[in-house]
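The values are calculated or read from the model by the stated rules, or taken from the named source; none is laboratory data. Computed from a predicted model, the values in this text were never measured in an experiment. Glycine gets a Cβ as well: all are built from the backbone with ideal geometry, and neighbour counts include every protein chain shown. Keep in mind that these areas ignore ligands, DNA and RNA; they rest on the heavy atoms of the full protein, side chains included. Shrake-Rupley method; radii C 1.70, N 1.55, O 1.52, S 1.80 Å.
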Amino acid sequence: MSNDTDTPELEARLTDQDEFTPPESFVEQANVSDPGIYDEFDATWPECWTDAADLLDWETPYDQVLDDSNPPFYEWFPGGGLNASANCLDRHLDERGDEAAIEWVGEPADEANRTYTYAQLHREVNEFAAGLREMGVGEDDIVTLYMPMVPELPIAMLACARLGAPHSVVFAGFSADALSTRMNAADSEYLVTCDGYYRRGDPLDHYAKTLDGLDGVSHAVSDVVVVDRLGANGDGFDHDRPAAHHDYDAVVAAHDGASVSPVERDATDMLFLMYTSGTTGQPKGVTHSTGGYLSWAAWTSQAVLDIKPSDTYFCSADIGWITGHSYIVYGPLALGTTTMLYEGAPDHPDKDRLWELVESYEATQLYTAPTAIRSFMKWGVEYPDAHDLSSLRLLGTVGEPINPRAWTWYYTHIGDESCPIVDTWWQTETGGMMVTGLPGVSTMKPGSAGRPLPGVDARVIDTDGDDVAGGRAGHLTIQKPWPGMLQTLYENDERFIDEYWRVYSDTDSGDSADWVYFPEDGAKVDDDGYITVLGRVDDVVNVSGHRLGTMEIESAIVDVPGVAEAAVVGGDHDLKGEAVYAYVLTTDDHDASDALRERIVASVEDAIGPIARPEAVVFAPELPKTRSGKIMRRLLEDIANDADLGDTSTLRNPDVVETIQDQLAGD
Ligand code: WT7
């Protein structure tokens with residue numbers, strides 16, 4: 001990192017002190033402050049998870065905490081009935097109806113801001129649910145939501161939940177192709193989208209992408225609802241709107257004051273599905289349950305983020321990813337707090353935007369990604385220093401490992417050394433946090449996510465399945481089920497078993513103890529049981545905390561005429577954590593050229609979105625291969641990182657390495 005010399009004392013402190021105890025002022029008021037919780041949950045597992053279920057209102061009490069008779073198809077809280085929207089809205093109305101549920105901060109700066117009280121949010125969710133129901137949306141119909149950070153996105157999620165219709169949110173930054181792939185995979189016949197939105201002050205045409213995406217849907221789409229975000233400002237993007245495309249405001253107005261009673265769902269019914277990247281080209285449709293997932297989102301929000309109803313909690317993630325689902329929408333609203341929703345970028349209109357928001361809304365928690373923290377560091381301390389951040393009580397990070405230097409900067413300059421930091425390891429599949437400290441209990445070690453949460457049996461093991469200790473690297477595994485876990489991959493139980501269980505489980509066994517979940521992360525563990533996550537061990541790149549499959553990117557590249565072969569790897573990047581490096585072989589009739597490089601970049605953006613844009617496209621005469629013909633990805637990563645390559649003599653084509661290095665250097 002280049003310009004952190006403005007805080008030389010940090011460097012010194014880093015070497016002197018690598019442990020921080022939670023500030024006393026925090027511990028005194030923490031939701032969880034009894035260290036005995038770890039032993040207690042171990043002793044009472046799985047019954048301990050009634051603590052999570054008790055945070056919710058159940059229409060029908062569950063018969064059992066966990067049914068593990070058919071692993072890995074675990075059922076949490078079977079027999080129980082509830083509705084997620086009633087838990088996030090209706091039950092708060094008496095006490096908190098006039099309190100803010102959502103503080104929305106829109107772009108352009110401040111002009112569009114809206115506050116939704118719980119009563120207002122409840123009203124609009126009911127109206128929109130009535131509209132969806134009139135269109136024919138019923139229980140188990142999958143509704144795709146393709147929207148940026150506008151309040152209508154959580155409203156639509158909760159309206160779907162009210163009807164018992166699972167939602168499938170597609171990140172607005174994803175391409176038209178990504179939208180059609182996901183709608184096709186889920187056979188989704190309903191779509192809620194918007195005309196456009198703002199990015200750093202400029203309007204962006206989202207409806208054009210939507211229309212392109214709809215062209216790629218292979219079944220009939222019965223209804224599309226369009227939120228008018230740009231209104232008159234979007235005049236430049238005139239599109240013919242088919243008659244079947246409804247205007248969101250008109251739908252809501254037509255059901256003014258409507259009331260839709262929440263549909264009782266079984267605890268094990270699907271609340272939503274979310275596609276994520278894996279080793280193969282086809283995204284995985286992770287399905288989450290109503291009872292287990294919502295309990296998990298609520299319990300971790302309370303225990304780890306220390307959320308209380310009186311808080312104004314700020315998570316800067318996008319709802320298009322799991323972080324936003326669990327920790328902008330479901331967890332915070334289930335607890336009846338105020339959750340902030342920020343549409344814009346952290347550096348627009350200026351680089352102090354987040355600090356200005358923390359100050360003016362008096363935010364009590366900030367949950368963000370290491371990649372963002374590294375940008376803040378680079379921009380300089382003058383931006384946070386210009387604001388009063390004393391309302392903050394807790395800081396969190398998620399999405400990728402945080403380097404100790406960024407941790408210390410966050411702790412000092414944002415937390416003023418008086419806020420605990422929770423470094424939370426989890427995944428789309430886990431539904432919520434799994435390995436992280438309890439902020440009112442745990443000593444913090446920068447760079448390490450910490451111990452597994454109470455009741456979570458996470459262990460680092462070697463390929464024989466034995467525990468690894470003493471800081472050696474192994475594989476992170478979860479040895480017992482947990483309420484927030486994915487239920488399966490949508491309509492693909494076989495792939496669910498293959499992707500997550502096969503490596504470490506006895507898949508013929510009907511005994512839950514023989515089943516081990518493998519999240520495909522490498523990790524190490526120290527003598528205190530603190531887990532440091534080292535990153536993915538599959539072919540997934542983590543760019544700015546977002547998961548991208550290398551196969552998906554490679555197939556977009558080989559689609560370009562003139563490309564014979566491509567290999568994509570993640571290389572280290574100062575700000576993004578990892579960046580996409582593409583090594584490309586041209587066909588005999590094509591030469592490497594800037595024009596070809598541009599077509600490659602464009603094809604990746606079209607297939608996935610700008611987030612997958614390669615940092616470098618390196619034309620290679622050949623790809624380094626083993627004698628058996630396998631591409632040596634690790635070597636390509638080392639080349640991207642300019643790291644020591646070790647022995648390359650076992651390659652079928654060792655000479656190619658130097659040529660590729662030269663190409664990259666001249667890039
Ligand atoms: C992958 C999951 C968790 C929601 C956002 C990303 C990496 C996540 C951490 C952390 C080190 C982390 C892992 C994981 N990851 N949090 N605190 N420390 N690595 O969700 O897209 O499903 O990605 O992100 O590699 O497997 P996701």
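Worth a mention:
- Taken together, the criteria place GLY415 among residues that are more than 9 Å from the ligand (Cβ to nearest atom) and either touching a Phe, Trp or Tyr at 6+ places or on another chain (Cβ under 7 Å) or farther than 30 Å from PHE518 by Cβ (or both).
- Hey, THR210 assigned to a loop (DSSP other than H, G, I, E, B), under 27 Å from SER85 (Cβ atoms) and within 23 Å of the chain's Cα centre (by Cα) or not: no
- Close Cβ contacts (under 8 Å, 6 or more residues apart or on different chains) running from residues in segment 634-649 that are among the polar types (S, T, N, Q) to residues that are surrounded by fewer than 15 Cβ atoms within 10 Å (Cβ to Cβ) comprise ASN641/ASP572; THR648/PRO654.
- Contact annotation: residue pairs with Cβ atoms under 8 Å, 6 or more positions apart or on different chains, pairing a residue in segment 33-51 that is assigned by TED's automatic domain parsing to the domain that holds VAL304 with a partner that is among the basic types (Lys, Arg), are TYR38/ARG451; TRP45/LYS480; PRO46/LYS480.
- Test: residue in segment 517-526 that is open to solvent by 40 Å² or more (accessible area, probe 1.4 Å) and closer than 16 Å to VAL435 by Cβ: yes
- For segment 526-534, the count of residues that are of a type in the set (Phe, Trp, Tyr) and either assigned to a strand (DSSP E or B) or within 14 Å of the ligand (Cβ to nearest atom) (or both) is at least one.
- Members of segment 500-525 that are more than 12 Å from the ligand (Cβ to nearest atom) and of a type in the set (Asp, Glu): ASP506, ASP508, ASP511, ASP514
- Criterion violated by HIS245 - all others in (1) closer than 23 Å to THR339 by Cβ; (2) open to solvent by less than 50 Å² (accessible area, probe 1.4 Å); (3) out of contact with any helix residue (DSSP H, G or I) (no Cβ under 7 Å at 6 or more places or on another chain) satisfied: (1)
- Failed criterion for ALA556 (all others in (1) surrounded by 16 or more Cβ atoms within 10 Å (Cβ to Cβ); (2) not in a helix (DSSP H, G or I) hold): (2)
- In segment 257-276, the residues that are without any contact (Cβ under 8 Å) to a residue 60 or more places away in the chain form no Cβ pair under 8 Å with any partner that is in a loop (DSSP other than H, G, I, E, B), whether six or more places apart or across chains.
- Residue that is within 16 Å of the ligand (Cβ to nearest atom), surrounded by fewer than 24 Cβ atoms within 10 Å (Cβ to Cβ) and either outside any loop (DSSP other than H, G, I, E, B) or without any contact (Cβ under 8 Å) to a residue 60 or more places away in the chain (or both), where the choices are GLY324, GLY320: GLY324
- Matching residues in segment 403-424 - criterion: being out of contact with any helix residue (DSSP H, G or I) (no Cβ under 6 Å at 6 or more places or on another chain), within 18 Å of SER448 (Cβ to Cβ) and small (Gly, Ala, Ser): GLY415
- Residue within segment 65-85 that is in the same structural domain as GLN302 (by TED's automatic domain parsing), surrounded by 21 or more Cβ atoms within 10 Å (Cβ to Cβ), among the charged types (D, E, K, R) and outside any loop (DSSP other than H, G, I, E, B) present: yes
- Note on segment 438-449: among residues that are surrounded by 24 or more Cβ atoms within 10 Å (Cβ to Cβ) and within 12 Å of the ligand (Cβ to nearest atom), the one that is nearest to PHE272 (Cα to Cα) is ALA449.
- Picking from residues in segment 370-410 that are open to solvent by less than 10 Å² (accessible area, probe 1.4 Å) and among the polar types (S, T, N, Q), the one that is farthest from the ligand (Cβ to nearest atom) is THR408.
- For the residues VAL525, VAL584, the requirement of being of a type in the set (A, V, I, L, M), assigned by TED's automatic domain parsing to the domain that holds THR477 and touching a strand residue (DSSP E or B) at 6+ places or on another chain (Cβ under 9 Å) singles out VAL525.
- For beta carbons closer than 6 Å, sequence separation of 6+ or different chains, a first residue in segment 400-414 that is touching a residue at least 24 places away in the same chain (Cβ under 8 Å) and over 11 Å from ARG374 (Cα atoms) and a second that is within 15 Å of the ligand (Cβ to nearest atom) and of a type in the set (S, T, N, Q), the qualifying pairs are GLU400/ASN542.
- Enumerated strands (runs of 3 or more DSSP E) restricted to segment 101-173, each holding at least 1 residues that are under 24 Å from GLY344 (Cβ atoms) and open to solvent by less than 10 Å² (accessible area, probe 1.4 Å): 143-145, 167-169
- Unique residue being assigned by TED's automatic domain parsing to the domain that holds GLN64 and among the hydrophobic types (A, V, I, L, M, F, W, C) when the list is ILE414, ILE497: ILE414
- If you filter segment 583-612 down to residues that are touching a residue at least 40 places away in the same chain (Cβ under 8 Å) and in a loop (DSSP other than H, G, I, E, B), you find that the one that is surrounded by the most Cβ atoms within 10 Å (Cβ to Cβ) is ILE608.
- Residues of segment 634-644 that turn out to be surrounded by 15 or more Cβ atoms within 10 Å (Cβ to Cβ) and farther than 18 Å from GLY577 by Cβ, as a count: 2
- Filter result (in a strand (DSSP E or B) and open to solvent by 30 Å² or more (accessible area, probe 1.4 Å)) within segment 185-204: ARG199, ASP202, PRO203, LEU204
- Extreme residue, most open to solvent (accessible area, probe 1.4 Å), among residues of segment 300-317 that are touching a helix residue (DSSP H, G or I) at 6+ places or on another chain (Cβ under 7 Å) and more than 16 Å from the ligand (Cβ to nearest atom): PRO309
- Verdict on THR430 being away from the ligand (no atom under 13 Å from the Cβ), under 25 Å from VAL541 (Cα atoms) and either at pLDDT below 95 or outside the structural domain of GLN282 (by TED's automatic domain parsing) (or both): no
- Of all the residues in segment 352-369, those that are within 16 Å of the ligand (Cβ to nearest atom) and not in a strand (DSSP E or B) number 1.
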